[in-house]
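All of the numbers you see were taken from the coordinates with simple rules; none came from a lab. Just so it is clear, the structure is predicted and the values come from calculations on it, not from any experiment. Reconstructed Cβ throughout: ideal geometry from the backbone, glycine too, with neighbour counts over all protein chains shown.
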Amino acid sequence: MSDEVVLSAANLQKTFALGFLRKKVRAVTDVSFEVHRREIFGFVGPNGAGKTTTIKMLMGLIFPSGGQAKLFGQKVPSIAAKRRVGFLPENPYFYDYLSGEELLDLMGRLFDLGRAERKKRARTLLDRVGLGRAGSLALRKYSKGMLQRLGIAQALINDPELVVLDEPMSGLDPIGRKEIRDLIGELRTEGKTVMFSTHILADVELLCDRVAIVVGGKLRDSGPLDQLLSPQLLHTELVLESGGVKEAVRLAPDVDVDRALREALAAGKKVVSVSPRRESLEDLFVREVEIGDVGAGAEHQRRS
Ligand SMILES: Nc1ncnc2c1ncn2[C@@H]1O[C@H](COP(=O)(O)OP(=O)(O)OP(=O)(O)O)[C@@H](O)[C@H]1O
Ligand SMILES: [Mg+2]
């Protein structure tokens with residue numbers, strides 16, 4: 001990770017006007033964060049929090065109602081900046097009569113790649129996302145997970161410096177998820193910057209250098225994971241066994257664990273495990289969502 005900012009959102013806002021009455025929906029109220037070169041940045045929040053809307057503003061697909069998005073220091077939209085970015089939309093829609101190879105070829109043409117280079121990259125990328133044998137198959141025959149993998153491959157066709165993925169693990173089975181996690185890790189090793197949104201907090205904990213948490217269209221928290229999570233001990237979980245029956249005991253942070261263990265052993269119990277529990281991203285997430293507009297998602301209001 002370096003200090004160079006490759007993507008920035010400054011007080012982004014988005015209000016949609018819906019229907020005949022132009023009812024206003026505030027999808028994003030105030031979101032600011034920066035993504036630095038060579039980091040893996042996680043963008044998390046509950047359903048309807050405004051993640052996709054924020055990402056679309058960053059990618060120049062919709063205009064913000066307020067605030068400013070920048071890529072590589074240039075105001076969005078910038079064609080020059082966009083050439084350096086790879087993007088996986090939340091629900092990618094591909095022409096389903098094309099094959100995987102043909103789709104990647106088409107995307108390569110959009111980036112003015114030569115024929116031989118397109119072919120080479122398509123092959124490498126298909127192998128990389130585990131679709132090596134499905135390259136010539138029409139996309140209508142792809143499963144959801146296969147389409148998601150292809151979506152990731154197309155996001156990499158221009159060998160981008162910055163990769164933005166909206167829910168890259170959605171639709172993948174546990175093996176597929178791990179493969180994509182490994183791929184994201186490899187991208188970092190190659191010096192790329194990755195920002196991705198997800199609900200899968202375990203993936204964020206395993207991968208991300210920094211995170212932003214958005215709830216109800218507002219940024220709740222952002223920063224390095226270890227700084228956001230409270231280092232305090234929540235409790236210690238003790239699993240004991242006696243006569244083949246297991247029991248779990250939760251010890252408060254101020255309880256003397258050594259003494260509890262001695263007492264358990266003296267009572268003829270077997271100690272199966274002792275696990276100190278500190279705050280996880282899930283605890284933090286639940287805490288933030290509880291503080292935030294619970295389940296409210298966007299703010300809906302009538303035009304006055
Ligand atoms: N085109 C649109 N017109 C009207 N409202 C919209 C539009 N797009 C999004 N919204 C609303 O904006 C809010 C945020 O939606 P968004 O898709 O950004 O959330 P999200 O965080 O990506 O959610 P999820 O985790 O379910 O993908 C929601 O309340 C949604 O209904
Ligand atoms: Mg979304």
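For this structure, a couple of remarks:
- Each 5 Å bin, from zero up to the one with the longest distance, holds this percent of the alpha carbon pairs of the stretch 21-167: 2, 9, 17, 19, 18, 14, 11, 7, 2, 1, 0.
- Evaluated at q = 0.14, 0.25, 0.31 Å⁻¹: base-10 log I(q)/I(0), Debye formula over Cα of the stretch 233-278: -0.29, -0.86, -1.17
- Based on C-alpha pairs under 8 angstrom that are at least 6 apart in sequence, the stretch 186-285 has a relative contact order of 26 percent.
- Our Cα-only numbers for the chain put the radius of gyration and Dmax at 23.1, 75 Å.
- Loop-located chymotrypsin sites (Phe, Trp or Tyr not before Pro) across the stretch 1-89 with a Cβ neighbour count of 12 or fewer within 10 Å are Phe20, with loop assigned by DSSP.
- Ranked packing of 240-251, 172-183, 150-161, most packed first, by mean Cβ within 10 Å: 150-161, 172-183, 240-251
- Value of [θ]222 nm, deg cm²/dmol, for the chain, DSSP H segments ≥ 4, -39500 (n - 2.57) each, nearest 500: -9500 deg cm²/dmol
- Springs join every pair of Cα atoms under 10 Å in this Gaussian network model of the chain, and among Gln68, Gln227, Gln13 the largest mean-square fluctuation is at Gln227.
- Checking every one of the trypsin sites (Lys or Arg not before Pro) in the stretch 118-155 against DSSP loop status and a limit of 13 other Cβ atoms within 10 Å picks out Arg133.
- Between the Cα long axis of helix 257-266 and the first principal axis of the chain there is an angle of about 50°, rounded to the nearest 10.
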